[in-house]
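Undergrad: Shown below is the structure under consideration.
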Amino acid sequence: MTGPGVAGQETGAYGAIPRKEDARFVRGQGTFVDDISLPGMLHGAILRSPLAHARIISVDASAALAHPKVEAVLTGADLAGRGLAWMPTLSADVQAVLATDKVRFQGQEVAFVVAQDRYAARDALELIAVEYEPLPPLIDARTALAQDAPLVRDDVPGRADNRVFDWNAGDKTATDAVFATAEVRVGCDMVYPRSHPAPLETCGIVAASDAVTGRLTVWSTSQAPHAHRTLYSVITGLPEHKIRIVSPDIGGGFGSKVPVYPGYLCAIVASMITGRPVKWVEDRSENLMSTAFARDYHMHGEIAATADGRILGVRARVLADHGAFNATAQPAKYPAGFFHIFTGSYDLQAAFCEVTGVYTNKAPGGVAYSCSFRVTEAVYLVERLVDLLARELGMDPAQLRMRNLLRPEQFPYTCPTGWQYDSGDYPRAFALALDLAGYQGLRREQAERRARGEYMGIGISFFTEGVGAGPRAHMDILGLGMADGADLRVHPTGKVVLAISVQTQGQGHETTFAQLVAHELGLTPDDVEVVHGDTDRTPFGLGTYGSRSTPVSGAAAVLAARKVRDRARLVAAATLELSPDDLEWLDGKWRVRGDPDRGAGIAEIAMAAHSSLELPDGVEGHLDASAVYNPPNLTFPFGAYICVTDVDPATGEVTVRRFIAVDDCGVRINPMIVEGQVHRGLADGIGMALMQAIAFDENGNCLGGSFMDYLLPTALECPSPELGATVTPSPHHPVGAKGIGESATVGSPPAVVNSVVDALAPFGVRHADMPLTPANVWRAIQGRPVRPDLAVS
Amino acid sequence: MKVTLTVNGTEYARDVEPRLLLIHLLRDELGLTGSHWGCDTSNCGACVVWLDDTPVKSCTVLAVMADGHRVLTVEGLANGASLDPVQQGFAHCHGLQCGFCTPGMMLTARWLLNNNPHPSSYQVREAISGQVCRCTGYENIVKAVLWAAEYEAGG
Ligand code: FES
Ligand code: FES
């Protein structure tokens with residue numbers, strides 16, 4: 001392919017430049033939702049269920065209403081009176097806003113208090129009397145489909161069991177045939193435990209309803225402000241043009257700020273009732289116990305191969321715990337997200353997976369935490385299976401992978417479950433990672449250490465993900481196609497304002513998008529102001545998640561810029577009294593062919609476009625342009641990760657000594673930002689593999705409800721990562737870029753687990769489920785099953 | 001209860017509830033929203049400020065305990081228009097993404113460099129180990145602090 005931004009050509013405005021947004025953040029001048037304070041603003045707090053499953057007999061808020069600082073209390077009955085006790089989820093289910101009939105998970109929303117300050121609102125929660133009739137809770141997903149399992153969703157007429165969906169992908173017959181004749185078959189049960197994205201800023205909202213104008217303004221922690229606007233309109237009946245959603249600075253999202261949460265709606269209704277702005281910000285335990293969790297997949301995977309290590313097929317059966325409401329956020333057609341990309345990076349003949357989703361008495365969610373719509377679970381499954389196969393065959397896992405990786409000439413490659421991988425050079429990336437790691441030397445060191453009774457592990461993961469949802473023919477959320485718009489205004493002096501539908505939660509859009517546009521127009525990033533996160537000021541689009549900003553919205557920005565450039569050519573030709581064909585775009589200007597010193601840049605052309613210059617027929621004045629980008633396919637970034645660990649067999653403690661990560665996300669607009677994204681994901685992988693899990697006791701009490709119990713990696717657990725890069729441009733993205741935001745979160749957990757299991761090989765350990773806390777590693781060494789509820793140790 | 005304290009060189013007097021947390025006094029009463037709140041259990045460090053000359057988690061300090069003391073917040077780090085080297089380091093080394101942990105991280109870093117002008121990367125990691133960043137994996141925070149140390153040493 002050709003054009004600006006393709007590797008090996010001009011670099012223009014691309015490169016590792018410092019971020020524009022940092023000027024305000026390092027001064028403490030960011031504006032996060034909880035920083036917003038409006039005149040007359042009230043504060044909301046939510047009363048939550050202490051029980052996982054119970055019938056509500058009564059809710060008495062009279063004492064709370066008598067509190068001198070309380071302005072209003074909302075209960076489920078109040079919302080039911082307005083038809084708002086239930087709301088649609090992003091997965092064609094409904095979720096209780098405030099419980100009316102039953103509570104279905106610990107931490108579920110029961111009442112909403114509105115008071116003059118945040119402390120009084122909390123005080124008043126204690127004055128609400130709720131009478132519950134406890135019901136047996138359904139906690140273990142594996143028992144959800146048993147005859148005598150408690151029924152979680154008796155609100156749905158006719159529902160007799162806890163099944164959310166049955167779904168499959170691939171060719172069962174062909175896969176079974178491959179397995180029937182394969183020389184080697186290896187299988188394993190594995191659990192990807194429930195975890196939580198836990199961005200440092202919890203969820204919150206300031207809702208301001210204006211009864212006179214009929215307008216509702218919402219500042220909220222939203223990764224998808226336009227989709228939220230549409231949803232609020234559908235739910236409340238307010239006309240959509242009267243709703244404005246502002247996502248100000250967001251303190252991390254990682255997918256957990258995609259859904260609409262009950263607290264948001266309560267604040268909106270409370271503002272309508274009181275006529276005053278209402279703020280609600282959840283505390284950390286509310287965040288961990290009620291907002292979107294991630295994973296919770298019980299998987300059985302199998303891999304088939306020849307005796308000399310050629311992989312032939314994979315198959316998987318999955319039980320997916322969706323909690324009490326099916327509130328996953330992914331394209332509607334795919335109830336298990338993109339899990340069926342579980343064939344990974346390998347050239348194999350057949351694959352089949354079947355996924356059953358079930359309800360349990362736990363918080364809703366499932367698709368969050370930088371998972372690329374469940375590619376996390378898929379990569380974990382296949383990368384563990386490949387390691388198990390290597391063990392079975394007595395082969396080096398690096399050699400086994402290299403033998404089976406897709407070859408460059410196979411791209412574009414259609415995998416057995418139907419994904420078309422756009423581009424890749426897998427052996428090149430893998431060889432680079434092995435080289436950076438000094439792989440052979442590591443294996444020698446491991447042998448020496450083993451001889452001394454020391455337990456060192458080397459874990460490999462090679463991943464492919466599909467990101468940048470998505471082609472509207474296949475992908476929508478609630479009927480909204482996944483295209484994104486971009487508006488570009490070119491001021492007379494050639495300074496530019498780009499308005500985009502996605503917005504940053506830390507990814508640096510204000511910088512990267514300025515670079516994208518500057519690069520196309522021969523400007524500097526400082527010439528481009530990026531407007532985002534305000535539905536009144538930006539075009540429609542579905543938001544930032546699933547690594548879709550650069551693949552989708554970035555493409556829209558580039559296309560808008562190219563429209564500007566094309567129009568500029570006509571205007572430049574008019575000024576120079578030449579034909580447009582006489583001009584070529586070179587080094588950031590339209591220049592006269594054969595006489596490159598003559599020409600004009602965007603600034604001069606913009607002034608001419610706004611002037612009294614007579615323009616050719618059909619050329620409107622000004623240079624403004626807009627574009628909507630409907631991606632033809634996902635982009636398929638990939639990478640090779642190697643994790644080196646040391647395990648203390650006496651304590652079970654794991655130390656991550658080194659992490660080598662080679663990523664290929666196509667063309668890198670700002671490599672510094674790209675690397676920052678990888679750094680974060682590697683920390684996620686260490687966290688998920690070694691310490692993070694949201695577990696429950698048999699009564700449904702959440703055991704991960706605070707940062708005392710839900711352990712996050714600190715600077716001491718995270719090594720200094722060693723990064724490498726290869727660049728294989730996407731053939732269909734306008735500048736050859738692919739998404740990067742989730743790659744390392746997707747790719748790193750299996751590298752860590754493979755490393756720990758490798759370290760424990762002398763003990764005969766074949767597999768151990770995450771989180772590999774000291775207690776669980778110690779249990780694995782003893783040959784006992786791990787226990788997710790031993791996350792805290 | 002009456003409380004008088006000096007924040008970033010300015011004296012403030014307020015009448016507060018005894019239970020008011022220092023983080024809420026700073027944010028809600030004084031409008032200094034640069035310090036953040038991120039957890040219920042003193043684990044995250046988004047709220048770190050200095051009380052006199054020591055970093056503290058301001059979610060774990062009652063406002064009244066700051067009576068008669070000096071507080072330094074992120075808003076007081078820069079010297080007018082000129083940024084503290086720690087602030088420069090964070091921007092220069094991409095030591096922040098969402099920016100939510102950043103004020104607390106920078107205040108701890110400033111304290112570290114005041115007490116140990118040439119820290120090793122391990123010492124930087126140790127100093128910030130009571131604080132959580134969910135975005136950076138810490139690598140560039142460490143680099144930022146080391147950059148500031150070098151800058152201050154004239155490097
Ligand atoms: S807010 Fe988390 S430690 Fe203070
Ligand atoms: S930069 Fe987001 S939490 Fe540290």
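The values are calculated or read from the model by the stated rules, or taken from the named source; none is laboratory data. Because the structure is predicted, anything quoted here is derived from the model rather than measured. Positions of Cβ are generated from backbone atoms using ideal geometry, with glycine treated the same way; all protein chains shown enter the neighbour counts. Note: areas computed on protein heavy atoms with side chains; ligands, DNA, RNA excluded. Shrake-Rupley method; radii C 1.70, N 1.55, O 1.52, S 1.80 Å.
Undergrad: Here is a check on your reading of the model: is A:Pro471 touching a residue at least 24 places away in the same chain (Cβ under 8 Å), of a type outside the set (A, V, I, L, M), in contact with a Gly (Cβ under 7 Å, 6 or more places away or on another chain) and outside the structural domain of A:Thr535 (by TED's automatic domain parsing)? Break it down stepwise before answering.
TA: Working: touching a residue at least 24 places away in the same chain (Cβ under 8 Å): yes; of a type outside the set (A, V, I, L, M): yes; in contact with a Gly (Cβ under 7 Å, 6 or more places away or on another chain): no; outside the structural domain of A:Thr535 (by TED's automatic domain parsing): yes.
Spelling it out, it is not the case that A:Pro471 is touching a residue at least 24 places away in the same chain (Cβ under 8 Å), of a type outside the set (A, V, I, L, M), in contact with a Gly (Cβ under 7 Å, 6 or more places away or on another chain) and outside the structural domain of A:Thr535 (by TED's automatic domain parsing).
Undergrad: Can you find a residue that is facing another protein chain (nearest Cβ under 9 Å), within 16 Å of ligand 2 (Cβ to nearest atom) and open to solvent by 10 Å² or more (accessible area, probe 1.4 Å) anywhere in segment B:75-92?
TA: Looking for residues that are facing another protein chain (nearest Cβ under 9 Å), within 16 Å of ligand 2 (Cβ to nearest atom) and open to solvent by 10 Å² or more (accessible area, probe 1.4 Å), one finds at least one in segment B:75-92, hence yes.
Undergrad: Which one of the conditions (1) open to solvent by 40 Å² or more (accessible area, probe 1.4 Å); (2) away from every other protein chain (no Cβ under 11 Å); (3) within 20 Å of B:Ser42 (Cα to Cα) does B:Trp147 fail to meet, given that it meets all the rest?
TA: For B:Trp147, the exception is condition (3).
Undergrad: Here is a further query. Checking the condition within 16 Å of ligand 1 (Cβ to nearest atom) and among the basic types (Lys, Arg), which residue from B:Arg70, B:Arg14, B:Arg27 passes? Reasoning before the result, please.
TA: Details: B:Arg70 fails: within 16 Å of ligand 1 (Cβ to nearest atom); B:Arg14 fails: within 16 Å of ligand 1 (Cβ to nearest atom).
That would be B:Arg27, the only listed residue that is within 16 Å of ligand 1 (Cβ to nearest atom) and among the basic types (Lys, Arg).
Undergrad: Test of understanding: among B:Gly99, B:Gly154, which residue is at positive phi, part of a loop (DSSP other than H, G, I, E, B) and within 11 Å of ligand 2 (Cβ to nearest atom)? Walk me through it before giving the result.
TA: Values: B:Gly154 fails: within 11 Å of ligand 2 (Cβ to nearest atom).
Answer to the check: B:Gly99.
Undergrad: Identify the single condition in (1) within 14 Å of chain B (Cβ to nearest Cβ); (2) within 27 Å of A:Arg194 (Cα to Cα) that A:Val654 does not satisfy, given that it satisfies every other one.
TA: (1)
Undergrad: List every residue pair whose Cβ atoms sit under 6 Å apart, with the two residues 6 or more apart in sequence or on different chains, where the first one lies in segment B:56-80 and is in contact (Cβ under 8 Å) with a residue 60 or more places away in the chain and the second, anywhere, is assigned to a strand (DSSP E or B) and of a type in the set (Ser, Thr, Tyr).
TA: Matching pairs, first to second residue: B:Arg70/B:Thr6.
Undergrad: Determine whether segment A:207-222 contains at least one residue that is within 14 Å of chain B (Cβ to nearest Cβ), modelled with pLDDT of 95 or more and surrounded by fewer than 24 Cβ atoms within 10 Å (Cβ to Cβ).
TA: No.
Undergrad: Okay, next question. Hey, can you tell me all the residues within segment A:279-297 that are in a strand (DSSP E or B), in contact with an Asp or Glu (Cβ under 7 Å, 6 or more places away or on another chain) and within 20 Å of A:Ser195 (Cβ to Cβ)? I'd like the intermediate steps shown before the answer.
TA: Kept after step one, since they are in a strand (DSSP E or B), are these residues of segment A:279-297: A:279-281, A:293-297.
Now drop any that are not in contact with an Asp or Glu (Cβ under 7 Å, 6 or more places away or on another chain), which leaves A:281, A:295-297.
The answer is A:Arg295, A:Asp296, A:Tyr297.
Undergrad: Would it be correct to say that B:Lys2 is open to solvent by 10 Å² or more (accessible area, probe 1.4 Å), within 15 Å of ligand 1 (Cβ to nearest atom) and more than 7 Å from chain A (Cβ to nearest Cβ)?
TA: Values: open to solvent by 10 Å² or more (accessible area, probe 1.4 Å): yes; within 15 Å of ligand 1 (Cβ to nearest atom): no; more than 7 Å from chain A (Cβ to nearest Cβ): yes.
Criteria not met by B:Lys2.
Undergrad: Limited to segment B:77-110, what total is found for residues that are more than 16 Å from ligand 1 (Cβ to nearest atom) and out of contact with any Leu (no Cβ under 9 Å at 6 or more places or on another chain)?
TA: Residues of segment B:77-110 that are more than 16 Å from ligand 1 (Cβ to nearest atom), as a first pass: B:77-97, B:109-110.
Subset that is out of contact with any Leu (no Cβ under 9 Å at 6 or more places or on another chain): B:78-82, B:88, B:92, B:94-97, B:109.
Total meeting the criteria: 12.
Undergrad: Something else: Which one of the conditions (1) open to solvent by 10 Å² or more (accessible area, probe 1.4 Å); (2) more than 25 Å from the chain's Cα centre (by Cα) does A:Gly313 fail to meet, given that it meets all the rest?
TA: (1) is the only condition that A:Gly313 fails.
Undergrad: Please verify whether A:Pro762 is away from chain B (no Cβ under 14 Å) and either within 21 Å of the chain's Cα centre (by Cα) or closer than 30 Å to A:Ala556 by Cβ (or both), treating the condition exactly as stated. Outline the logic, then answer.
TA: Numbers: away from chain B (no Cβ under 14 Å): yes; either within 21 Å of the chain's Cα centre (by Cα) or closer than 30 Å to A:Ala556 by Cβ (or both): no.
So A:Pro762 does not fit the description; no.
Undergrad: Out of all the residues in segment A:349-372, which are assigned to a loop (DSSP other than H, G, I, E, B), open to solvent by less than 10 Å² (accessible area, probe 1.4 Å) and more than 30 Å from A:Ala54 (Cα to Cα)?
TA: Correct list: A:Ser370, A:Cys371, A:Ser372.
The rows are residues; the columns are (1) at pLDDT below 95; (2) in a loop (DSSP other than H, G, I, E, B); (3) aromatic (Phe, Trp, Tyr); (4) surrounded by fewer than 19 Cβ atoms within 10 Å (Cβ to Cβ).
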| site | (1), (2), (3), (4) |
| --- | --- |
| A:Met402 | no, no, no, yes |
| A:Gly424 | no, yes, no, no |
| A:Arg428 | no, no, no, yes |
| A:Glu445 | no, no, no, yes |
| A:Glu448 | no, no, no, yes |
| A:Met456 | no, no, no, no |
| A:Phe463 | no, no, yes, no |
| A:Pro471 | yes, yes, no, yes |
| A:His474 | yes, yes, no, yes |
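Undergrad: Mind checking which residues of segment B:42-51 are within 13 Å of chain A (Cβ to nearest Cβ) and more than 6 Å from ligand 1 (Cβ to nearest atom)? Explain how you work it out, then say what you get.
TA: Step one: filter segment B:42-51 for residues within 13 Å of chain A (Cβ to nearest Cβ), giving B:42-49.
The answer is B:Val48, B:Val49.
Undergrad: Do any strands (runs of 3 or more DSSP E) entirely within segment A:104-171 hold 2 or more residues that are touching a Phe, Trp or Tyr at 6+ places or on another chain (Cβ under 6 Å) and surrounded by fewer than 17 Cβ atoms within 10 Å (Cβ to Cβ), and if so, which? Even if it seems obvious, please write down each step before you answer.
TA: Working: elements: A:109-115, A:129-134, A:163-170.
It comes to none.
Undergrad: What about A:Ala198, is it within 16 Å of ligand 1 (Cβ to nearest atom) and in contact with a Leu (Cβ under 9 Å, 6 or more places away or on another chain)? Step through it out loud before you land on a result.
TA: Details: within 16 Å of ligand 1 (Cβ to nearest atom): yes; in contact with a Leu (Cβ under 9 Å, 6 or more places away or on another chain): yes.
Taking the combined requirement at face value, the residue satisfies it.
Undergrad: Checking A:Thr100 against (1) more than 14 Å from chain B (Cβ to nearest Cβ); (2) over 22 Å from A:Pro150 (Cβ atoms); (3) open to solvent by 10 Å² or more (accessible area, probe 1.4 Å); (4) touching a helix residue (DSSP H, G or I) at 6+ places or on another chain (Cβ under 6 Å), only one condition comes out false. Which one?
TA: It is condition (2) that A:Thr100 fails.
Undergrad: Looking only at segment B:12-67, filter to residues that are within 16 Å of ligand 2 (Cβ to nearest atom) and in a strand (DSSP E or B); which one of those is most open to solvent (accessible area, probe 1.4 Å)?
TA: Filtering first and then ranking leaves B:Lys57.
Undergrad: With A:Thr535, A:Thr550, A:Thr511 as the choices, which residue is open to solvent by less than 40 Å² (accessible area, probe 1.4 Å), within 14 Å of chain B (Cβ to nearest Cβ) and either in contact (Cβ under 8 Å) with a residue 40 or more places away in the chain or farther than 30 Å from A:Cys203 by Cβ (or both)? Walk me through it before giving the result.
TA: Numbers: A:Thr535 fails: within 14 Å of chain B (Cβ to nearest Cβ); A:Thr550 fails: within 14 Å of chain B (Cβ to nearest Cβ).
Going through A:Thr535, A:Thr550, A:Thr511 in turn, just one is open to solvent by less than 40 Å² (accessible area, probe 1.4 Å), within 14 Å of chain B (Cβ to nearest Cβ) and either in contact (Cβ under 8 Å) with a residue 40 or more places away in the chain or farther than 30 Å from A:Cys203 by Cβ (or both): A:Thr511.
Undergrad: Still on this model: Report yes if A:Leu434 is at pLDDT 95 or above, surrounded by 22 or more Cβ atoms within 10 Å (Cβ to Cβ), in contact with a helix residue (DSSP H, G or I) (Cβ under 8 Å, 6 or more places away or on another chain) and among the hydrophobic types (A, V, I, L, M, F, W, C), otherwise no. Let's see the steps before the verdict.
TA: Values: at pLDDT 95 or above: yes; surrounded by 22 or more Cβ atoms within 10 Å (Cβ to Cβ): no; in contact with a helix residue (DSSP H, G or I) (Cβ under 8 Å, 6 or more places away or on another chain): yes; among the hydrophobic types (A, V, I, L, M, F, W, C): yes.
Against the criterion (at pLDDT 95 or above, surrounded by 22 or more Cβ atoms within 10 Å (Cβ to Cβ), in contact with a helix residue (DSSP H, G or I) (Cβ under 8 Å, 6 or more places away or on another chain) and among the hydrophobic types (A, V, I, L, M, F, W, C)), A:Leu434 does not qualify.
Condition check ((1) within 16 Å of ligand 1 (Cβ to nearest atom); (2) over 30 Å from A:Ala695 (Cβ atoms); (3) touching a residue at least 60 places away in the same chain (Cβ under 8 Å)) across all residues:
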{"site": "A:Ile245", "(1), (2), (3)": "no, yes, yes"}
{"site": "A:Pro259", "(1), (2), (3)": "no, no, yes"}
{"site": "A:Pro262", "(1), (2), (3)": "no, no, yes"}
{"site": "A:Ile268", "(1), (2), (3)": "no, yes, yes"}
{"site": "A:Trp280", "(1), (2), (3)": "no, no, yes"}
{"site": "A:Arg284", "(1), (2), (3)": "yes, no, yes"}
{"site": "A:Thr291", "(1), (2), (3)": "no, no, yes"}
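Undergrad: Any idea how many residues of segment A:654-671 are open to solvent by 20 Å² or more (accessible area, probe 1.4 Å) and more than 19 Å from A:Ala398 (Cβ to Cβ)? I'd like the intermediate steps shown before the answer.
TA: Pass one, segment A:654-671, residues open to solvent by 20 Å² or more (accessible area, probe 1.4 Å): A:654-655, A:657-658, A:668, A:671.
Then keep just the ones that are more than 19 Å from A:Ala398 (Cβ to Cβ); that gives A:654-655, A:668, A:671.
Counting residues in segment A:654-671 that are open to solvent by 20 Å² or more (accessible area, probe 1.4 Å) and more than 19 Å from A:Ala398 (Cβ to Cβ) gives 4.
Undergrad: Starting from residues that are within 13 Å of ligand 1 (Cβ to nearest atom) and not polar (S, T, N, Q), keep the ones in segment B:52-61 and report whichever is nearest to the other protein chains (Cβ to nearest Cβ).
TA: Just the residues of segment B:52-61 that are within 13 Å of ligand 1 (Cβ to nearest atom), to begin with: B:55-61.
Going one step further and asking which of them are not polar (S, T, N, Q), we end up with B:55-57, B:59, B:61.
Details: B:Pro55: 15, B:Val56: 17, B:Lys57: 12, B:Cys59: 10, B:Val61: 16 Å.
By that ranking, first place goes to B:Cys59.
Undergrad: If only one of B:Arg110, B:Arg125 is closer than 18 Å to A:Gly676 by Cα and away from ligand 2 (no atom under 14 Å from the Cβ), which one is it? Break it down stepwise before answering.
TA: Working: B:Arg110 fails: closer than 18 Å to A:Gly676 by Cα.
One residue alone meets the criteria, B:Arg125.
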